[in-house]
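Q: Let me begin by handing over the structure; questions about it come next.
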Amino acid sequence: MTSALQVFLHGKRVQLKDQDLLGAGGEARVYRHRDLALKIFHPVDPAAPADEQARQRALLELKREKLCRFPRGLPASVVAPSALLQDKSGTVVGYAMRAVEGADELRRLAQRSFRDGLVPTQRVVGLFRQLFLALAELHARRVVVGDLNDGNALFRGDEVAIIDADSMQFEGLPCVVGHERFLDPRLYGVDLAAGPAFTEESDWYAFDVLLFASLLYLHPYGGTLDGYPTPLRRAEARMSVLRPKVTLPKAAASPTVLPDDVLGHFEAVFDRDARGAFPPRLLEMRWTRCSCGLEHARPACPACAKLGKVVAQPVLRRHGRCEARTVLRTRGRILAAALQGTLRTLVLEGEEVRREDGSRVFQGLVTPELAFGLAGRSTWIGRGTELVRVEDERVVERVRTDTRLGRPVFATSQRGVLRLEDGWLVDGATTRRMGQLLEGQSALWAGEALGCAAYRAGLLTLWFVFELDRPGLRPIALPQVRGRLLDASVVLGERELVVARAVEEQGRVRHEVYLVDARGGVLGVRQGAPEEARLLASLTGKALQGGRLVCATEEGLLSVTLDRQSGLLLDGALFPDTRPFVEEGAALLPAPGGAVYVVTAREITQLTLV
């Protein structure tokens, strides 16, 4: 399903196709056109209630006025409008800007699974120096970002870019939206559309949240605290994770890795409501990686200083009925793990990448741009459109694959690789075409029996399930995304699969989890804020074991139940004896005999209830 959208740029007609779509959100969609990105505002929804239509119409008029009065000479890191886009009647429907190719959203820096061992914290600090300079220069020109969040700040290499410039606040024209996670608590309950409400201080508050999350893999009001069930309630009470009674997620870094002056600044902002420009001297902190693997900016490693003499952790541990056996531990990074008859792994140690038997795959720098997949003894490595199969440190096959947002699209199983070729899903083992997707817009997952694919066409997101040993895609009856699709995760079993999505709508994040059968029918669903249920807390950390859905939570492994009468997925039995060995979002792999492998960035542990 493809369609075309027609706009006029400098009086010349431009046809935009679904293949050119760079992203879509609640207010607009963005297309690639040559070296430009074209942002097209959604029209007023004729099916909406009258008051909602009036709100949408007023928002469109405000955006048009902003585009006509947009300030010139802003910092180069601000992706500003460069030309207006019109429809055939001459009405402004959006604007053109330079395209930022191959960039990631800043939210990736706060994801340990993306960054740990691949993007040093010192580089992260350097990126925030760039963001600091951009904010300071904007404020000097009396422009306030307003809705500064981890989705409208991008990074590429050592450069930062701020997008969604049409929402900025200037010349008395308000910014009318604020993302809850980055909104200054002093603005809670304020009608942002009534007039300019954001200030330079609220921008610096959002900067503090972004920096804190990127350094510690944790929102300042994350964790858990009795009496304050949500981050919003803790923000209202100014009870940050720096308070001693707050329990931190296991995947978070301890605040003790921060220098005293940086820690003191964050305490003042998040616990005592201090405001003002971020002190630039604090961005001179120097980070190092200890031999124990911990990154810190202290004179001495806080982990080693606390532990004193390092004692090797035992391979076999017990806690109640849970027996935990360490299968793999590294000071480097586990790049991939899969259960394919046996447990197969790919590990980075220094600049050497090795398989589970110790054989070397290659030696060299590993960056987040590289993607890896395991298929039996073969290791598949993708970068851009190039995909190679490596065995015994030799490239034995080289093919091309389509990309999405500059990243290779492929998936692996024991039988081989699945890739995209001009929009066609191709079985690498047989070269057979399995079905047609959409070039440049597709995502792909594979298990050992089933596969899953999805693509965005205009404002529609289409999902499919397929069997690995036969062609044909079956549509999955998932509801359409309302708002902006932030991320998605898929877990595949023998007869079912689980699709988990994160959606952002009007500044709030909603998680959705669907249990789907091999025919594409939805068996069960759960939607809500991440804190509403344990199974919603993270998109990852899920496994299908014998038809049962299991989740990794901070409290231990959780069995999810399906209420067949209501079709709801519910938090079921919790296995608290597994708590010491499980962290929220850790990858889970079903192991033989009902056991489970828990996979983190540096360790794989086999859990068995005895």
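The values are calculated or read from the model by the stated rules, or taken from the named source; none is laboratory data. Computed from a prediction, not measured in an experiment: that's the story for all the values here. All Cβ positions, even for glycine, are placed from backbone atoms using ideal geometry, and neighbour counts span all protein chains on display. Calculation scope for accessible area: heavy atoms of the full protein, side chains included, ligands and nucleic acids excluded. Shrake-Rupley method; radii C 1.70, N 1.55, O 1.52, S 1.80 Å.
Q: State all residues of region 291-305 that are assigned to a loop (DSSP other than H, G, I, E, B) and open to solvent by 30 Å² or more (accessible area, probe 1.4 Å); if no residue qualifies, say none.
A: Hits for region 291-305 are Ser291, Cys292, Leu294, Arg298, Pro299, Ala300.
Q: Only one residue in Thr578, Thr561 is among the β-branched types (Val, Ile, Thr), farther than 21 Å from Gln340 by Cβ and not in a strand (DSSP E or B), so which one is that?
A: Exactly one of Thr578, Thr561 is among the β-branched types (Val, Ile, Thr), farther than 21 Å from Gln340 by Cβ and not in a strand (DSSP E or B), namely Thr578.
Q: Among the residues of region 190-204, are any within 23 Å of Arg29 (Cβ to Cβ) and in contact (Cβ under 8 Å) with a residue 12 or more places away in the chain?
A: Scanning region 190-204 turns up at least one residue that is within 23 Å of Arg29 (Cβ to Cβ) and in contact (Cβ under 8 Å) with a residue 12 or more places away in the chain.
Q: Within region 583-596, which residues are out of contact with any Ser or Thr (no Cβ under 7 Å at 6 or more places or on another chain) and open to solvent by less than 40 Å² (accessible area, probe 1.4 Å)?
A: Leu588, Leu589, Ala591, Val596
Q: Could you count how many residues in region 135-159 are in contact with a Phe, Trp or Tyr (Cβ under 8 Å, 6 or more places away or on another chain) and either within 15 Å of Gly102 (Cα to Cα) or of a type in the set (Val, Ile, Thr) (or both)?
A: The qualifying residues number 3.
Q: Are any of the residues in region 246-260 part of a helix (DSSP H, G or I) and either in contact (Cβ under 8 Å) with a residue 60 or more places away in the chain or farther than 23 Å from Glu554 by Cβ (or both)?
A: Within region 246-260, one or more residues are part of a helix (DSSP H, G or I) and either in contact (Cβ under 8 Å) with a residue 60 or more places away in the chain or farther than 23 Å from Glu554 by Cβ (or both).
Q: Please enumerate the residues belonging to region 187-208 that are among the β-branched types (Val, Ile, Thr) and either under 14 Å from Phe132 (Cβ atoms) or crowded, with 16+ Cβ neighbours inside 10 Å (or both).
A: Within region 187-208, Thr199 is the sole residue that qualifies.
Q: Condition first: closer than 19 Å to Pro249 by Cβ, open to solvent by 50 Å² or more (accessible area, probe 1.4 Å) and either part of a strand (DSSP E or B) or out of contact with any Gly (no Cβ under 7 Å at 6 or more places or on another chain) (or both). Now tell me which residues in region 515-550 satisfy that.
A: Listed by number, the residues that qualify are Glu531, Glu532, Arg534.
Q: Among the residues in region 86-105, are any surrounded by fewer than 19 Cβ atoms within 10 Å (Cβ to Cβ), farther than 30 Å from Gly541 by Cα and of a type in the set (Ser, Thr, Tyr)?
A: Yes.
Q: Can you name every residue in region 158-168 that is open to solvent by 10 Å² or more (accessible area, probe 1.4 Å) and touching a Leu at 6+ places or on another chain (Cβ under 9 Å)?
A: Passing the criteria: Asp158, Glu159, Val160, Ile163.
Q: Wholly within region 61-165, which strands (runs of 3 or more DSSP E) include no fewer than the required count, namely at least 2 residues that are within 26 Å of Thr367 (Cβ to Cβ)?
A: Passing ranges, in order: 153-156, 159-162.
Q: Just for region 440-455: of the residues that are open to solvent by 10 Å² or more (accessible area, probe 1.4 Å), more than 20 Å from Leu544 (Cα to Cα) and in contact (Cβ under 8 Å) with a residue 40 or more places away in the chain, which one is farthest from the chain's Cα centre (by Cα)?
A: The residue in question is Gly440.
Q: Being within 23 Å of the chain's Cα centre (by Cα) and surrounded by fewer than 20 Cβ atoms within 10 Å (Cβ to Cβ) is the filter here, so list the residues in region 465-493 that pass it.
A: Leu478, Pro479, Gln480, Arg482, Gly483, Arg484, Leu485, Leu486, Asp487, Ala488, Ser489
Q: Then there is this: Report, by residue number, each residue of region 176-201 that is assigned to a helix (DSSP H, G or I) and touching a Phe, Trp or Tyr at 6+ places or on another chain (Cβ under 9 Å).
A: The answer is Pro185, Arg186, Leu187, Leu192.
Q: Let me ask something additional. So which pairs qualify, if the first residue must be in region 222-236 and in contact (Cβ under 8 Å) with a residue 60 or more places away in the chain, the second must be part of a helix (DSSP H, G or I), the Cβ gap must be under 8 Å, and the two must be at least 6 apart or on different chains?
A: Pro229/Glu531; Thr230/Glu531; Pro231/Glu531
Q: Here's something else I'd like to know. For region 4-24, which positions are under 17 Å from Met97 (Cα atoms) and either part of a loop (DSSP other than H, G, I, E, B) or charged (D, E, K, R) (or both)?
A: His10, Gly11, Lys12, Arg13, Asp20
Q: Out of region 411-438, which residues are open to solvent by 60 Å² or more (accessible area, probe 1.4 Å), at pLDDT 95 or above and either of a type in the set (Ser, Thr, Tyr) or not in a strand (DSSP E or B) (or both)?
A: Gln414
Q: Just the residues that are farther than 13 Å from Glu101 by Cα and in contact (Cβ under 8 Å) with a residue 60 or more places away in the chain, please, taken from region 28-41.
A: Correct list: Ala28, Arg29, Lys39.
Q: Determine which single condition Arg482 fails, assuming it passes every other condition in (1) assigned to a strand (DSSP E or B); (2) at pLDDT below 95; (3) among the basic types (Lys, Arg).
A: Unmet for Arg482, out of (1) assigned to a strand (DSSP E or B); (2) at pLDDT below 95; (3) among the basic types (Lys, Arg): (1).
Q: I'd like to check something: does region 265-285 contain any residue that is charged (D, E, K, R), surrounded by fewer than 18 Cβ atoms within 10 Å (Cβ to Cβ) and at positive phi?
A: Within region 265-285, one or more residues are charged (D, E, K, R), surrounded by fewer than 18 Cβ atoms within 10 Å (Cβ to Cβ) and at positive phi.
Q: Run down Ala54, Ala47, Ala37 and say which single residue is open to solvent by 60 Å² or more (accessible area, probe 1.4 Å) and among the small types (Gly, Ala, Ser).
A: Ala47
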